[in-house]
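Worksheet for the structure shown next.
The values are calculated or read from the model by the stated rules, or taken from the named source; none is laboratory data. Keep in mind that what you see is a predicted model, and the values were worked out from it rather than measured. Here the Cβ is made from the backbone with ideal geometry for all residues, glycine too, and neighbour counts use every protein chain on show. We work out accessible area using only protein heavy atoms, side chains counted, and drop any ligands, DNA or RNA first. Shrake-Rupley method; radii C 1.70, N 1.55, O 1.52, S 1.80 Å.
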Amino acid sequence: MTDPIAPELGEVQMHVVKPKAPVIGRVVSSASCMSGRSASFVRHVSIDVSGTPLAGSFRSGQAFGVIAPGENERGKPHAVRLYSLACPTQGEDGDGNVVSTTVKRVVDEYTPQKDGDDQGAHHLFLGVCSNYLCDLKVGDEVLVSGPAGKRFLLPERPADHDYVFIATGTGIAPFYGMVRELLQSPAGPSPSRIHLVMGTPYTTDLLYDEFFRELADTYDQFQYHPVISRSDIRREYVDRYIDRCMDETFRSMFADPRTLMYMCGLEGMESGMYRMLARHGLADGFVEVKEPLTLEGYADWDPKLMKRHVKAGPRSLVEVY
Ligand code: FAD
Ligand code: A2P
């Protein structure tokens, strides 16, 4: 290993297909990624991009763009929405021709957003692109762009590192790709230790749950940790779970210079993890603190100041939205 701290991420292509000139992909599969009944709807959607510049140009961890047809309320074409790739770098087909993602239907109650909106309205609000993507059937065409993102990637020499992957909700998408890339590549499973921590409101919201459980049964180096925030038994967020299991499970990982931490999902998870690592004296390489804040002063970190002054260190790779 040449550098035990910062991962070498290697070359990555960006925006080979721009959102202004998207290419046509074709949906090749669409299936629910949940096993039980849940109040939310999340689908694994795979799109064939063969014959377009997108084919073979992406790496797991990047995102691609989807452009929904139609116009917004201002009469402009809908803006591109980004979706994390949920496939390995080799795509779902092994040849880089089929991309996939994990898309959650945005379902909300309408709230007035600006002056002039009907202040009394509160009808059902359906997110434009997530519902379009979830509604698509096998064989349907879809406008896509990308890839996007240049840092949320597996390192060039994956076996030089161990991994703590932390997800909330659809933040599991890139890890579904990366874990498969690490453990199920044709070259054989990586010996790296991998911990996947997945936070959802209820057990029925866990995504690809059966797949990850089976993988944990198969590979000793892979451990799967579902964390449930609204359970009757124990209500926990991912950072609180890691905190509780620190000595028995995670300290040796975070203390090891091989380890990389990846976080994907809700923005709020990031600050919780940084504060917790600082409290355990494990921030080295994972957290960077700028003045006027100090690492030692973690207990007094003001949430507003944290945004600007507490950042991902070289061993933290972060994709939050
Ligand atoms: P929109 O129509 O754009 O609505 C967006 C939000 O605004 C909703 O939360 C909605 O509740 C709210 N809203 C807007 N107007 C109103 C109103 N009048 N009343 C009430 N609420 C309103 N998403 C995934 O599902 N899977 C992924 O893997 C994924 N990866 C991403 C990766 C990146 C790098 C980024 C930046 C985002 C990612 N997203 C992902 C989010 C995705 O890009 C979209 O933002 C998401 O699907 C919602 O888009 P939409 O068009 O359905 O919703
Ligand atoms: P909760 O919603 O109970 O507060 P989903 O995207 O499927 O809703 O899942 C997101 C998960 O992340 C939920 O369990 C949510 O809990 C949890 N969550 C919300 N805020 C944070 C945070 N700041 N840190 C970690 N997890 C969070």
message = Per 0.36 nm of contour for each residue apart, how much would the distance between Ala159 and Ser185 grow if the chain were fully extended, relative to their Cα-Cα spacing?
response = 8.1 nm
key: the range 164-289, accessible surface, carbon-and-sulfur percent (1.4 angstrom probe)   = 46 percent
task = Before anything else, pin down the relative contact order of the chain: Cα pairs under 8 Å, at least 6 apart, normalised by residue count, whole percent.
result = 19 percent
task = Positive end of the charge dipole of the range 184-277 (Lys, Arg +1 and Asp, Glu -1 on Cβ, about the Cα centre): tell me which of Ser271, Ile233, Leu215 has its Cα farthest that way.
result = Ser271
query = Measuring from a point 7 Å past the Cα of Glu71 along Cα-to-C-beta, which residues in the range 22-42 have an amide N at less than 20 Å?
reply = 22
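Keeping every protein chain present and rolling a 1.4 Å probe, give me the accessible area per residue for the chain in Å².
Spelled out: the 1.4 Å probe surface of the chain, per residue, equals 50 Å².
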ask   = By how many nm would the segment from Ser252 to Tyr110 grow when fully extended, if each residue of separation counts as 0.36 nm and the alpha-carbon distance is taken off?
value = 46.5 nm
task = Express the carbon and sulfur contribution to the solvent-accessible surface of the range 16-99 as a percent, rounded to the nearest whole number, probe 1.4 angstrom.
result = 53 percent
query = Given R₀ = 25 Å, FRET efficiency for Ser29-Leu124 by Cβ-Cβ distance, to 0.05?
reply = 0.35
remark   = Quick calc, Glu267 & Lys18: beta-carbon distance into FRET formula, R0 35 Å, rounding 0.05, result 0.85
query = Taking a threshold of 27 Å on the Cα-Cα distance, which of the pairs Lys76/Lys104; Lys114/Lys290; Lys18/Lys104; Lys20/Lys104; Lys20/Lys307; Lys18/Lys290 fall above it?
reply = Lys114/Lys290; Lys20/Lys307; Lys18/Lys290
key: Electrostatic dipole magnitude of the range 214-285 [Cβ: Lys, Arg +1; Asp, Glu -1; Cα centre; debye, to 20]   = 320 debye
